[in-house]
1. Find the residue count for segment 189-218, including only residues that are surrounded by fewer than 18 Cβ atoms within 10 Å (Cβ to Cβ), of a type in the set (S, T, N, Q) and either assigned to a helix (DSSP H, G or I) or at pLDDT 95 or above (or both).
2. Taking segment 188-209 only, how many residues are polar (S, T, N, Q) and either more than 14 Å from Gly241 (Cα to Cα) or within 24 Å of the chain's Cα centre (by Cα) (or both)?
3. Among Leu98, Leu158, which is the only one that is in contact (Cβ under 8 Å) with a residue 24 or more places away in the chain, in contact with a Gly (Cβ under 7 Å, 6 or more places away or on another chain) and more than 14 Å from Thr7 (Cα to Cα)?
4. Any idea which of Ser226, Ser221 is in contact with a helix residue (DSSP H, G or I) (Cβ under 8 Å, 6 or more places away or on another chain), among the hydroxyl-bearing types (Ser, Thr, Tyr), in contact (Cβ under 8 Å) with a residue 12 or more places away in the chain and surrounded by 15 or more Cβ atoms within 10 Å (Cβ to Cβ)?
5. Just give me the residues in segment 47-70 being more than 19 Å from the chain's Cα centre (by Cα) and of a type in the set (Gly, Ala, Ser), in sequence order.
6. Which one of these does Gly50 not meet: (1) crowded, with 16+ Cβ neighbours inside 10 Å; (2) closer than 20 Å to Lys2 by Cβ?
7. Residues that are in a helix (DSSP H, G or I), in contact with a Gly (Cβ under 9 Å, 6 or more places away or on another chain), farther than 29 Å from Asp23 by Cα and of a type in the set (Ser, Thr, Tyr): does segment 228-245 have at least one?
8. Would you confirm, using the coordinates I've provided, whether Gly79 is part of a loop (DSSP other than H, G, I, E, B), out of contact with any strand residue (DSSP E or B) (no Cβ under 7 Å at 6 or more places or on another chain) and more than 29 Å from Ala182 (Cβ to Cβ)?
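The values are calculated or read from the model by the stated rules, or taken from the named source; none is laboratory data. No experiment lies behind these values; they were computed from the predicted model shown. Note that we place each Cβ from the backbone using ideal geometry, even for glycine, and neighbour counts take in every protein chain shown.
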Amino acid sequence: MKKALITAGHKRLGRAIALALVDAGFDVAIHYRADPQAAEDVVAAARARGRRAIALQAELTDSAAVRQLVAQAADFLDGLSLVVLAAASYVPTPMATLDAGQLDRAFAQNARAPVELVLAARPFLAASGDGRVVVLGDLAGQIPYAGYLAHSMAKAALHAAVRGLAAELAPEVTVNAIVPGAVLQPDDLPQSAWRHLLEAVPQGQVLATDPAAGSRAVAESVIHLSHCSRFVTGTFLTIDGGRTARW
């Protein structure tokens, strides 16, 4: 049986991934931090499609909560075969006000928490016989974003963790990453600014015509990494419409 835990599976890319996994035959545990109704909506959609599903709340910077989340998901699903790490923070940290506390929070949310979750899930993934982890990385982990140094540093650490975990957890568990670019309009970004951003993306017209195309591309890639050859591990799949090809 295919059994997946998706962090932040209640919104945006996490939601698109969760529903794609449901359509691919997965039973799912939907993690959320602060929006239970959105999580229950995804659960209801999954159950309507004939899959088992549960919503589970956890603050991922709390180590005990991470362990409890994994245990609850594995208990409900009778194991785990896939973990998708879609939860992240994206907080600006201007250089004029950057301090150690901001760095610590960014690392706790975007680097430490994902690693702790993978380690907690490792026994269940290994026991499944086909354990897999898919991490949502960030272009900022490759090229730091101006005004987001803490976030960029944390994402670079997460990318390093993907490679390290892939090597350390082989052969029982594969670990791969998807690195999305501008695939989904941020909630706080005006439409005019979004259109301007897409002008820098070679395939930006695809999103201008079909705003859901980017989310589908990410979700389809997760599905691919959930069943492709286990020889594929420690790899990064960039989905950015060719943006970095232009940089």
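1. Within segment 189-218, residues that are surrounded by fewer than 18 Cβ atoms within 10 Å (Cβ to Cβ), of a type in the set (S, T, N, Q) and either assigned to a helix (DSSP H, G or I) or at pLDDT 95 or above (or both) number 4.
2. Just the residues of segment 188-209 that are polar (S, T, N, Q), to begin with: 191-192, 203, 205, 209.
Next, from what is left, pick out any that are either more than 14 Å from Gly241 (Cα to Cα) or within 24 Å of the chain's Cα centre (by Cα) (or both): 191-192, 203.
So the count comes out to 3.
3. Values: Leu98 fails: in contact with a Gly (Cβ under 7 Å, 6 or more places away or on another chain).
Only one candidate qualifies: Leu158.
4. Numbers: Ser221 fails: in contact with a helix residue (DSSP H, G or I) (Cβ under 8 Å, 6 or more places away or on another chain).
Answer to the selection: Ser226.
5. If the condition is that a residue be more than 19 Å from the chain's Cα centre (by Cα) and of a type in the set (Gly, Ala, Ser), then Ala48, Gly50, Ala64 are the ones that fit.
6. It is condition (1) that Gly50 fails.
7. Going through segment 228-245, the residues in a helix (DSSP H, G or I) turn out to be 243-245.
Now restrict to residues that are in contact with a Gly (Cβ under 9 Å, 6 or more places away or on another chain): 243-244.
Filter once more, keeping what is farther than 29 Å from Asp23 by Cα: 243-244.
After this cut, where a residue has to be of a type in the set (Ser, Thr, Tyr) as well, the list is 244.
Within segment 228-245, one or more residues are in a helix (DSSP H, G or I), in contact with a Gly (Cβ under 9 Å, 6 or more places away or on another chain), farther than 29 Å from Asp23 by Cα and of a type in the set (Ser, Thr, Tyr).
8. Numbers: part of a loop (DSSP other than H, G, I, E, B): yes; out of contact with any strand residue (DSSP E or B) (no Cβ under 7 Å at 6 or more places or on another chain): no; more than 29 Å from Ala182 (Cβ to Cβ): yes.
Against the criterion (part of a loop (DSSP other than H, G, I, E, B), out of contact with any strand residue (DSSP E or B) (no Cβ under 7 Å at 6 or more places or on another chain) and more than 29 Å from Ala182 (Cβ to Cβ)), Gly79 does not qualify.
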